[in-house]
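Heads up, the thing below is written out as structure tokens.
The values are calculated or read from the model by the stated rules, or taken from the named source; none is laboratory data. From a predicted model like this one, the values you see are computed outputs, not experimental measurements. Here the Cβ is made from the backbone with ideal geometry for all residues, glycine too, and neighbour counts use every protein chain on show.
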Ligand SMILES: Cc1cc2nc3c(=O)[nH]c(=O)nc-3n(C[C@H](O)[C@H](O)[C@H](O)COP(=O)(O)O)c2cc1C
């Protein structure tokens, strides 16, 4: 018999797990996969909330059929138009031709643009609601969380928030659906990596959305990825609040780009000096080896950042260039920075990192350390000075 997954008496999870895709959005590695969550509310009227990526569509349509049991869907609520959630809309409209598509005024141009759909639309505005019978759906706009058309749907009789991508996570649902059924420690990094990389640029819209949702009595959060939150709701909301305020912990992320090991030696030296000064949480990443999404995730976690690059064709090494480009694009805020590197003639690495510091407006704790070829004693002394200033600054900020 087909698995029907209840999340409440008459509300079902009809999502799919994707363990095949290597790169989410063709960029972010997802070693633990990802789930596309969609939900069906079976009442006098039937509403489907969001859909799934088109690669998962066959399984998805079967899941819906199993729940609908021959009935037709009346509404499709489109909280978010990104194709990993809107990819099955056209197939649903073909299967349920009378179904009305519920969205806001920014939803429908995208619906037409992506899928050529412009009929059977029902526009909702902030505060509008739809009665399904027993259940009542209320709509709130949360623009730029993380697209312009994003909205959330609150089912007010059960206190269920259908939150779109907000509170989502990478990682498949391996038999479990609810947060208290699964190993949250195993998923922890995938939850924060999802926030930092997908939502992270939109700290201020996230803050506004949290304020707006603050008054609701939320008993369950059904996001479009990751677990259904019912036990750790306060926890995940507190995390979103912290992350979207760029509030970080005491610790230092050292990222280096090095071809022949000179810059890397400086990274190790700085780390040792930090430890000697009582900094325990240190993460060293080689920008060539570790995908930026993991590095950015650590940068969202820790206040201190120390970046080092060899000089490369008059500028930065490409892997470091990519990282700082992403940090600038996301406008990550509120860090203290150290800079180091190595050159063999006119340099370029340290110089570009210093420009980056000005653009992103992070506080630089000390003069950069820049070795000419292999680091000499004076360069290690400067590495020590960076570590000393960084440790002092962190102690000041966290004492
Ligand atoms: C392809 C290539 C391009 C380089 N471009 C520059 C440059 O523009 N300016 C400079 O001072 N050194 C340049 N260098 C020299 C390296 O930056 C220098 O050897 C440095 O010590 C390498 O550090 P690493 O051992 O951490 O890789 C270049 C080296 C290579 C291999």
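A few remarks follow.
- Qualifying residue in region 206-224 (condition: assigned by TED's automatic domain parsing to the domain that holds residue 163, more than 15 Å from residue 161 (Cα to Cα) and touching a residue at least 60 places away in the same chain (Cβ under 8 Å)): yes
- The residues of region 268-304 that are away from the ligand (no atom under 16 Å from the Cβ) and either outside the structural domain of residue 389 (by TED's automatic domain parsing) or part of a strand (DSSP E or B) (or both), listed by number, are 282, 283, 302, 303, 304.
- Of the residues making up region 158-182, those that are assigned to a loop (DSSP other than H, G, I, E, B) and touching a strand residue (DSSP E or B) at 6+ places or on another chain (Cβ under 6 Å) are 158, 167, 168, 170, 172, 173, 177, 179.
- Scanning region 230-264 for residues being outside any helix (DSSP H, G or I) and touching a residue at least 40 places away in the same chain (Cβ under 8 Å) gives a total of 19.
- Of all residues in region 367-390, those satisfying the criterion of being in contact with a strand residue (DSSP E or B) (Cβ under 6 Å, 6 or more places away or on another chain) and more than 8 Å from the ligand (Cβ to nearest atom) are 368, 369, 370, 379, 382, 383, 386, 390.
- Number of the condition not met by residue 35 [criteria: (1) assigned to a strand (DSSP E or B); (2) within 23 Å of residue 137 (Cα to Cα)]: (2)
- Any hit, region 305-315, residues being touching a helix residue (DSSP H, G or I) at 6+ places or on another chain (Cβ under 8 Å), touching a residue at least 24 places away in the same chain (Cβ under 8 Å) and not in a strand (DSSP E or B): no
- Looking only at region 355-366, and only at residues there that are closer than 22 Å to residue 318 by Cβ and touching a residue at least 24 places away in the same chain (Cβ under 8 Å), the one that is nearest to the ligand (Cβ to nearest atom): 356
- In region 56-70, the residues that are over 23 Å from residue 166 (Cβ atoms), touching a strand residue (DSSP E or B) at 6+ places or on another chain (Cβ under 8 Å) and without any contact (Cβ under 8 Å) to a residue 60 or more places away in the chain: 59, 64, 68
- Selection of region 116-146 for residues being touching a residue at least 60 places away in the same chain (Cβ under 8 Å), surrounded by 19 or more Cβ atoms within 10 Å (Cβ to Cβ) and part of a loop (DSSP other than H, G, I, E, B) yields 132, 135, 142, 145.
- Looking only at region 322-354, and only at residues there that are within 27 Å of residue 378 (Cβ to Cβ) and assigned to a helix (DSSP H, G or I), the one that is farthest from the ligand (Cβ to nearest atom): 324
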